[in-house]
Amino acid sequence: MNGGQRPFRNLVCSRSMASKTPVGFVGLGNMGNPMAKNLMKHGYPLIIYDVFPDACKEFQDAGEQVVSSPEDVAEKADRIITVLPTSINAIEAYSGANGILKKVKKGSLLIDSSTIDPAVSKELAKEAEKMGAVFMDAPVSGGVGAARSGNLTFMVGGVEDEFAAAQQLLGCMGSNVVYCGAVGTGQAAKICNNMLLAISMIGTAEAMNLGIRLGLDPKLLTKILNMSSGRCWSSDAYNPVPGVMDGVPSANNYQGGFGTTLMAKDLGLAQDSATSTKSPILLGSQAHQIYRMMCAKGYSQKDFSSVFQFLREEETF
């Protein structure tokens, strides 16, 4: 979204709180939690569900309504946002025994901000359409920091006529809300972005490790990279080397952020999509293997930037 569109977002988000009807929210993990809080800040009452009841406690304490299933959310809200880890979780939340589509109201707007297989998004959209509801895929980019600050980027796929309605909600959680095309194209954009992110993070980690072993100070090397042609988001905003930057997972033993397991999952989606479209992704495939190895060697719960630590410890490559 360009700067000229920003006033629309501000106008929408500053409307009278009294005029705002409840929004359903399913999935309160690392991303969903701060996203839901930003909707609250903009005056939206929430109908909350998470498979882990403890994740709902702070919302319940703040006066938000907590229910016992996605089905119950659909019964009480006609605009629902889901933020879930995998395709399987999304299918269960929408089509499961207690899923959203069991009780969804006609005319409901269903926005899925999970990162899942584009084919699953398309199938869920067909099922929603049969129930008279509208499903849009709207995966996010920007990480936990952007989720907290309300500066996420949303990549939206679905019926274009419904985009404005989705933008009204998403604009309160993100600074960029981009319409990508038909259902599934939001997921396609996200998969491409995360494949590139994984490749650039591995490249940054390799360059930093090599430079350190050649005797360069990591802060100096980072400064040089970020004023040179090697600069990228992984080097200047999310540096993987402990002690180089504050406020990033590498400064906190790689806790928080975007987990290695999730990156491996997203790279698997990229691999599947590359196979189905006969697209060569030589570096993407290698990145997938590296993150799978990391999951098998104890890094699954660490942030994906821990690939730096993995490379430091693995000297057999």
Checklist outcome for this item: Every listed condition ((1) over 17 Å from the mean Cα position of the chain (by Cα); (2) open to solvent by 50 Å² or more (accessible area, probe 1.4 Å)) holds for Ser149 save (1)
Checklist entry - What number goes with the only condition from (1) modelled with pLDDT of 95 or more; (2) in contact with a Phe, Trp or Tyr (Cβ under 8 Å, 6 or more places away or on another chain) that Pro34 does not pass? => result (2)
Next on the checklist: Which numbered condition in (1) touching a Cys at 6+ places or on another chain (Cβ under 8 Å); (2) open to solvent by less than 20 Å² (accessible area, probe 1.4 Å); (3) under 16 Å from Phe258 (Cβ atoms) is the only one that Ser200 fails?
Outcome noted: (2)
Next on the checklist: Within region 184-196, does at least one residue satisfy the condition of being over 21 Å from Ser273 (Cα atoms), among the polar types (S, T, N, Q) and open to solvent by 10 Å² or more (accessible area, probe 1.4 Å)?
Outcome noted: no
Next on the checklist: When you scan region 60-83, do you find a residue that is over 23 Å from Gly158 (Cα atoms) and of a type in the set (Val, Ile, Thr), even just one?
Outcome noted: yes
Checklist entry - Can you pull out the residues in region 87-98 that are open to solvent by 10 Å² or more (accessible area, probe 1.4 Å), closer than 26 Å to Thr277 by Cβ and not aliphatic (A, V, I, L, M)? => result Ser87, Asn89, Ser95
Checklist entry - Residues Leu110, Leu101, Leu124, Leu84: which one is hydrophobic (A, V, I, L, M, F, W, C), touching a Ser or Thr at 6+ places or on another chain (Cβ under 8 Å), closer than 25 Å to Asp266 by Cα and open to solvent by 10 Å² or more (accessible area, probe 1.4 Å)? => result Leu84
Next on the checklist: Against the conditions (1) touching a helix residue (DSSP H, G or I) at 6+ places or on another chain (Cβ under 7 Å); (2) open to solvent by less than 80 Å² (accessible area, probe 1.4 Å); (3) farther than 21 Å from Ala147 by Cα, where does Arg292 fall short? Just the number, please.
Outcome noted: (2)
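The values are calculated or read from the model by the stated rules, or taken from the named source; none is laboratory data. As the structure is a prediction and not an experimental result, all values here were calculated from the model. Counting neighbours? That spans all protein chains shown, and the Cβs are built from the backbone with ideal geometry, glycine included. The area values use the complete protein model at the heavy-atom level, side chains included, leaving out ligands, DNA and RNA. Shrake-Rupley method; radii C 1.70, N 1.55, O 1.52, S 1.80 Å.
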